[in-house]
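Single-structure report; data block below.
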Amino acid sequence: MGQSMADVGRRAFVCGHPISHSRSPLIHRFWLAELGLAGSYEAVDVAPERFADFASHLTQNGWVGGNVTIPHKEHAFRLAARRDAAAEAIGAVNTLWLEKGEMIGGNTDAYGFAANLDAGAPAWRSAETAVVLGAGGAARAVIVALRTAGVANIHVVNRTRERAAGLAQLFDSGVGAHAWHELPGLLPHCHLLINTTSLGMSGQPPLVIDVAPLPTAAVVTDIVYSPLETSLLAAARRRGLVAVDGLGMLLHQAVPGFERWFGQRPQVTAGLRAHIVADLETGR
Ligand code: NAP
């Protein structure tokens, strides 16, 4: 009672439908506390038919911006007055902020993917050939990151080959589409293998791949982070390959949004990671 806006600080959100599974509040609240900032980050369940109204009344409802997750990312892309280059390339918005009263949309997934590999396997930037498993929204962000880093050859391998072809078409001739059965033939020349399918995630079937044909210097990463150690990563480590889990992508993609809303660039630290890992271990 009687609290002024100055006491409460800036208010940011993550909105989706459903939203209770989101770990974003844990990440942003950790940083708010660590940096001693008076602000808040709230999870808001917004049904699809209410999203346009929600997004057009941010200032009136006291928000400085927030994250957008499934199923609103494409809708947010269409509603934004302007979008950053990553959002344009990915075709979806996961971060909203206000500039001179206008709602601006960004996408931080490609940044998060690249920053995670920079931390865990810096040699990934010299990869010439990458294999991307999956052709959904996350795969598009990963391909944008690979293209930005200069990876010359990208093979998209997907259960539904037509979907891989549709995704590859959005890019230049360095991105090709393949059916799943073509994977063994691609692995001997693959410097970077990335799983972007939902296979291996808790509650989903496992991702079973023979990693034996990969070169000894190959890097393997999985953007699934629950469980943290997927069967793909375990198989890669058993073979002595560098393997990077997907939690870092989630943590790093949160950095640019926090900086825009709260004015300070937070760090992805071992302490933050341990905080989220502890939550993952509760098995939600
Ligand atoms: P999506 O658009 O629904 O795409 C799912 C992909 O998985 C498609 O390529 C689909 O193939 C494939 N797939 C699903 N079930 C399969 C099965 N039984 N066999 C073979 N392939 C199967 O999902 P998304 O948004 O791209 O997300 C994919 C995963 O990435 C999710 O697990 C998500 O949690 C994770 N993710 C992580 C981060 C992070 O920060 N670490 C960020 C974004 C997403 P078809 O095309 O044949 O259906």
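Observations on the model:
One line per residue, one yes/no per condition, for (1) under 19 Å from the mean Cα position of the chain (by Cα); (2) of a type in the set (G, A, S); (3) not assigned by TED's automatic domain parsing to the domain that holds V268:
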position: Q60; (1), (2), (3): no, no, no
position: G65; (1), (2), (3): yes, yes, no
position: A87; (1), (2), (3): yes, yes, no
position: T95; (1), (2), (3): yes, no, no
position: K100; (1), (2), (3): no, no, no
position: L117; (1), (2), (3): yes, no, yes
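- P188 being away from the ligand (no atom under 12 Å from the Cβ) and loosely packed, with under 13 Cβ neighbours inside 10 Å: yes
- Residue count for segment 157-185, restricted to those that are under 18 Å from G91 (Cα atoms) and either crowded, with 16+ Cβ neighbours inside 10 Å or not assigned by TED's automatic domain parsing to the domain that holds P215 (or both): 7
- Of the strands (runs of 3 or more DSSP E) that lie entirely inside segment 1-113, those containing 3 or more residues that are in contact with a Leu (Cβ under 8 Å, 6 or more places away or on another chain) and more than 22 Å from Y225 (Cβ to Cβ) span 102-106.
- Failed item, numbered, when I223 is tested on (1) more than 26 Å from V93 (Cβ to Cβ); (2) touching a Gly at 6+ places or on another chain (Cβ under 9 Å); (3) touching a residue at least 60 places away in the same chain (Cβ under 8 Å): (1)
- Subset of segment 99-124 (residues that are out of contact with any strand residue (DSSP E or B) (no Cβ under 9 Å at 6 or more places or on another chain) and surrounded by 14 or more Cβ atoms within 10 Å (Cβ to Cβ)): D109, A110, Y111, G112, A114, A115, D118
- Unique residue being loosely packed, with under 15 Cβ neighbours inside 10 Å, within 15 Å of the ligand (Cβ to nearest atom) and part of a helix (DSSP H, G or I) when the list is V277, V208: V277
- Among the residues of segment 155-173, the ones that are touching a residue at least 12 places away in the same chain (Cβ under 8 Å) and either near the ligand (Cβ under 8 Å from one of its atoms) or hydroxyl-bearing (S, T, Y) (or both) come to 5 in all.
- Taking segment 78-134 as the range and being within 16 Å of the ligand (Cβ to nearest atom) and without any contact (Cβ under 8 Å) to a residue 12 or more places away in the chain as the test, only D118 passes.
The values are calculated or read from the model by the stated rules, or taken from the named source; none is laboratory data. This structure is a prediction, so every number in the text was calculated from the model and none was measured. Ideal geometry is used to build each Cβ from the backbone, glycine not excepted, and the neighbour counts take in all protein chains shown.
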